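The values are calculated or read from the model by the stated rules, or taken from the named source; none is laboratory data. Quick caveat: nothing in here was measured; it's all calculated off a predicted structure. A quick note on method: Cβ atoms are made from the backbone with ideal geometry, for glycine too, and the neighbour counts reach across all protein chains shown. Calculation scope for accessible area: heavy atoms of the full protein, side chains included, ligands and nucleic acids excluded. Shrake-Rupley method; radii C 1.70, N 1.55, O 1.52, S 1.80 Å.
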Amino acid sequence: MNKLTFQKYLGFKKCGNRYYKYALYLCECGNKKEAYEHNVKSNNTRSCGCNYLWEKQLKRWQKQEERQMK
């Protein structure tokens with residue numbers, strides 16, 4: 001699920017040998033994220049990074065619960 005909402009285009013930015021549309025997005029958590037448009041459209045970029053941090057924290061909690069149950 002994509003948490004990013006388009007805000008505005010920032011122009012073109014070089015990636016490798018090509019230029020791609022670069023834009024500013026607003027994440028559901030309130031943070032702003034600059035990203036290549038094609039990465040957002042293809043779901044390679046889905047959030048500002050909060051998804052990754054949330055999943056990492058969730059795994060920590062699960063490990064703690066497993067340790068407590070032993």
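Some notes on this structure:
- For the stretch 24-44, the set of residues classified as assigned to a strand (DSSP E or B) and under 11 Å from Leu4 (Cα atoms) consists of Leu24, Tyr25, Leu26, Cys27, Lys32, Lys33, Glu34, Ala35, listed by residue number.
- Yes/no for Arg18 being more than 10 Å from the chain's Cα centre (by Cα) and not aliphatic (A, V, I, L, M): yes
- Criterion applied to Glu34, Glu55 was being acidic (Asp, Glu) and free of Cβ contacts under 8 Å to residues at least 24 places away in the same chain, and the one residue passing it is Glu55.
- Qualifying residue in the stretch 40-61 (condition: within 17 Å of the chain's Cα centre (by Cα), surrounded by 11 or more Cβ atoms within 10 Å (Cβ to Cβ) and among the charged types (D, E, K, R)): yes
- Only residues that are of a type in the set (A, V, I, L, M, F, W, C) and open to solvent by less than 60 Å² (accessible area, probe 1.4 Å) were counted across the stretch 28-39, and they come to 1.
- Restricting attention to the stretch 1-27 and to residues that are in contact with a strand residue (DSSP E or B) (Cβ under 8 Å, 6 or more places away or on another chain) and closer than 19 Å to Glu55 by Cβ, the residue that is least open to solvent (accessible area, probe 1.4 Å) turns out to be Cys27.
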